[in-house]
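Okay, structure first, notes after.
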Amino acid sequence: MNGDEWLQAHEAAIQQVITTETEQGGLAHRMVPVVTVPEQTRTVSIDRLNYASGIVDDQTQTDIERFADPVAIPKLQTDDPDPARAFVAIRRSSQQLARRHDERVFRKEIADQIETAETATDPEFQRIVTITAVNKSIGDGAVTAVADAISKLDSEGYRSAYAMVASNTLWTELHRRGTGSATLPIDAVRALMDDGPVQRSSVLKGGDALLLSLGEGRVDRIVAEPPRLAFIDQSATARQFELYERFVPRLRETRSAVLLRV
């Protein structure tokens with residue numbers, strides 16, 4: 001059985017593996033709304049709100065980007081009636097693609113833009129909120145910083161749908177009790193956020209966190225092609241595939257996101 005025949009024979013099961021892994025492994029898949037566009041779409045407008053004028057920019061275009069990972073499966077595994085071993089490679093590639101998806105959304109589209117705007121003193125973005133230890137506790141300091149960040153969001157009218165994405169190091173500190181404290185900092189953070197979700201992600205720089213107001217239209221992901229597997233080539237010993245997707249995230253209301261940093 002050649003690679004294309006194998007892909008067609010197991011298409012439904014393969015897509016189920018990909019969908020399950022990307023939705024479970026990808027934080028953006030669970031948090032950030034999707035806007036689906038036709039596959040042939042190459043660019044979309046950024047639809048970014050200009051706070052000074054109150055006008056949405058529907059003229060500036062951004063490219064829909066393509067992300068791909070190679071998947072090599074031995075011929076013996078594609079010849080096996082049981083595809084379980086071959087699915088391991090697809091599952092692993094799906095996990096890696098999901099992480100790259102998160103990196104594109106949370107790191108490049110949001111955190112990096114806020115960091116750049118800080119240097120340029122761009123008034124269209126919120127200023128970075130510094131996390132300073134309280135009684136030698138970074139976690140307790142994060143509680144104060146979150147209160148400050150929520151105040152900034154509130155001042156712009158963003159009073160709902162709060163969610164946090166914390167780097168691994170900050171996530172650890174949020175689960176460390178300060179000296180003499182009976183509660184964890186993360187419990188206080190959730191209370192400040194009206195019990196909004198606090199998630200961790202290794203795609204952010206250590207000590208960073210994003211506080212987002214995820215109401216309708218504030219940030220989204222334009223998806224032209226969801227993750228799927230394509231047959232590329234084959235040799236006498238292996239079948240070469242590619243797991244790819246085409247999407248672009250848009251931070252449409254820039255002041256709906258705050259970067260917190262230790």
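Scan region 160-184 for residues that are charged (D, E, K, R), surrounded by 14 or more Cβ atoms within 10 Å (Cβ to Cβ) and in a loop (DSSP other than H, G, I, E, B) and report the count.
Counting residues in region 160-184 that are charged (D, E, K, R), surrounded by 14 or more Cβ atoms within 10 Å (Cβ to Cβ) and in a loop (DSSP other than H, G, I, E, B) gives 1.
Just to be sure before I move on: is E216 surrounded by 16 or more Cβ atoms within 10 Å (Cβ to Cβ), acidic (D, E) and closer than 26 Å to Q24 by Cβ in the structure I sent?
Criteria not met by E216.
Name the single residue, out of those in region 131-151 being out of contact with any helix residue (DSSP H, G or I) (no Cβ under 7 Å at 6 or more places or on another chain) and open to solvent by 60 Å² or more (accessible area, probe 1.4 Å), that is nearest to P185 (Cα to Cα).
Checking each candidate, the answer is T144.
Here is a check on your reading of the model: is Q77 part of a helix (DSSP H, G or I) and either open to solvent by 90 Å² or more (accessible area, probe 1.4 Å) or more than 29 Å from G215 (Cβ to Cβ) (or both)?
When the stated conditions are applied, Q77 passes them.
Residues E225, E253: which one is at negative phi and either β-branched (V, I, T) or crowded, with 21+ Cβ neighbours inside 10 Å (or both)?
Of E225, E253, the one residue that is at negative phi and either β-branched (V, I, T) or crowded, with 21+ Cβ neighbours inside 10 Å (or both) is E253.
Of everything in region 87-110 that's in contact (Cβ under 8 Å) with a residue 60 or more places away in the chain and of a type in the set (A, V, I, L, M), which residue is farthest from Q8 (Cα to Cα)?
I110
Among (1) open to solvent by 40 Å² or more (accessible area, probe 1.4 Å); (2) touching a residue at least 24 places away in the same chain (Cβ under 8 Å), which single condition is V71 missing?
Result: V71 passes all but (1).
Given the criteria β-branched (V, I, T) and closer than 28 Å to Q240 by Cβ, does V56 qualify?
no
The values are calculated or read from the model by the stated rules, or taken from the named source; none is laboratory data. These numbers were taken from a predicted model, which means no experiment stands behind them. All Cβ positions, even for glycine, are placed from backbone atoms using ideal geometry, and neighbour counts span all protein chains on display. Each accessible area value is taken on the protein alone, full model and side chains, heavy atoms only, with ligands, DNA and RNA left out. Shrake-Rupley method; radii C 1.70, N 1.55, O 1.52, S 1.80 Å.
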